[in-house]
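Please treat every number below as a calculation from the coordinates, not as lab data. Being a predicted model, the structure only gives us computed values, none of them experimental. So basically every Cβ, Gly included, is an ideal-geometry build from the backbone, and we count neighbours across all protein chains shown.
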Amino acid sequence: MAATLKDVAEHAGVSIATVSRVLNDPEKVAEHSRVKVLNAIDELGYSSNTLAKSLKKDGLNAVLVMLPSLSDSYFAQMGQGISDVLASYGYLMITVATEGESDLEEAYLLKAKSMGLAGVLLYTAHRRMPSSWSAFCANSPILFLSNTDPGGVEGANQLSIPWGELGELVATYLLQQSRSRFLYLADNISGFSPEFLEKLSSTVQRAGGHCEHRWAASSVDDAARELERYCSQVGQVPDAVITQTCFQGTGVLTALTSQGLRIPEDTAVLCLENSRLAQLTTPQLSVWGPSGYQIGVVGSRRLLNLIHTGEDDTVSGTTDEVILTLIARRSTNAPQ
């Protein structure tokens, strides 16, 4: 006989109302109680979700995709890549926007657990997976598309991207253009690991240059303000600016041109987000890094293989690699 809500409550030593809140409004329940209820659900095999039951009955599968934004071009492309892969393998895609909010992420994971989904693709600001999330990996794998350390938790995995290598490549490329004063603008939902900044800085410093990181939100106006603030404090303009997003890159272009500076003669601007917006600016932005679409395709293929075999390989039996590609445009290359 299938477990009931009452069975879960008794097993967890809580009220039926508490179990119901965990399933429907998890953010309103204390973590200690949530963990007890989730463990009871696991042990009893309880599922109250109609969608989950119908999926199992019809032999279908569903994957939860959690992204900071669904309107931002980078994450929209990522979602499209995921959708293309999941659809080709007959998987239902359930997409939610978290706005980078930790509480929302945990709430969605709690609901995903009660639904019995096949797996989760997640892009988060967390550098290390919160310990409270480990309970969600017991039955379904989680694959982080961001630079998030799974902490060795079984069922939690991370898409591997060589950010350290990219940091060295970007530094070397700009140093070869005789750049020496580097500024890196990135916000707190950066998908780029500390290794990127470390390699970028160390490579620049070895060449006798200077590299500084400043926090800037992923918006045109905030990036422009932060660049102007940096120039005022330091007393000089950087001759190389690297931005996390194309919106930030657009803000940098605006701030530089408003000061009468030439791009790239006075300052080169390079963006680490390979999105369509990079081609719509004046001048067009040079980009170096994986596109959102590529991350979506590779990440979803990795997750499907984890679901099917428990191994981090692609469903076709070959290994997909995230490719770091330089697309040099006018913002770093003056016309001959």
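For the reader, a short list of remarks on this structure follows.
- Taking amide H positions as modeled 1.01 Å from N, with prolines and chain starts lacking one, the residues under 5 Å from D239 and 5 or more places away or on another chain are S180, R181.
- Under the Karplus curve 6.51 cos²θ - 1.76 cosθ + 1.60, θ = phi - 60°, whole-Hz ³J(HN,Hα) for the stretch 254-265, x wherever Gly or Pro sits: 4, 5, 5, 5, 5, 8, x, 7, 8, 10, x, 4
- Listed from fewest to most Cβ neighbours within 10 Å, the set F196, F247, F75 follows the order F75, F247, F196.
- Rough spin-label spacing in nm, given labels placed 7 Å along Cα→Cβ, for D149 and A87: 3.8
- Evaluating 6.51 cos²θ - 1.76 cosθ + 1.60 at θ = phi - 60° for every residue in the stretch 151-156, the Karplus couplings come out as x, x, 6, 5, x, 10 Hz, glycine and proline recorded as x.
- A dipole drawn for the chain from +1 and -1 charges on Cβ atoms has a positive end, and of L44, V237, A3 the residue lying farthest that way is V237.
- Extension gain, R206 back to I327 (0.36 nm per residue minus Cα-Cα distance, nm): 41.0 nm
- Structural descriptor for the stretch 163-289: relative contact order 24 percent, calculated from alpha carbon pairs under 8 angstrom and at least 6 residues apart.
- Most simply put, the stretch 163-289 has about 0% antiparallel DSSP beta bridges, counting only bridges with both residues inside it.
- Taking the stretch 100-251 and dividing mean pair separation by its residue count, relative contact order in percent (alpha carbons under 8 Å, at least six apart): 20
- If only the Cβ of Lys and Arg carry +1 and only the Cβ of Asp and Glu carry -1, the dipole of the stretch 163-289 around its Cα centre is close to 180 debye.
- The lysine pair tally for the chain, using Cα distances under 25 Å and a gap of 8 or more places or different chains, is 19.
- For T245, distant residues with modelled amide H under 5 Å away: L272
- Each of H32, T124, P68 was scored by the projection of its Cα onto the charge dipole of the chain, and the greatest displacement toward the positive side belongs to P68; charges sit on the C-beta of Lys, Arg, Asp and Glu.
- Computed from point charges on the beta carbon alone (+1 for Lys and Arg, -1 for Asp and Glu), the dipole magnitude for the stretch 243-316 about its Cα centre is near 200 Debye.
- Approximate spin-label separation S20-S131, in nm, with each point projected 7 Å along Cα-to-Cβ: 3.2
- Legend: ranking of residues Y230, Y91 from fewest to most surrounding C-beta atoms inside 10 Å; resulting order Y230, Y91.
- Antiparallel DSSP beta bridges within the chain, as percent of all bridges there, nearest 5: 10
- Förster radius 30 Å - calculated FRET efficiency between E101 and Q259, Cβ distance, rounded to 0.05: 0.25
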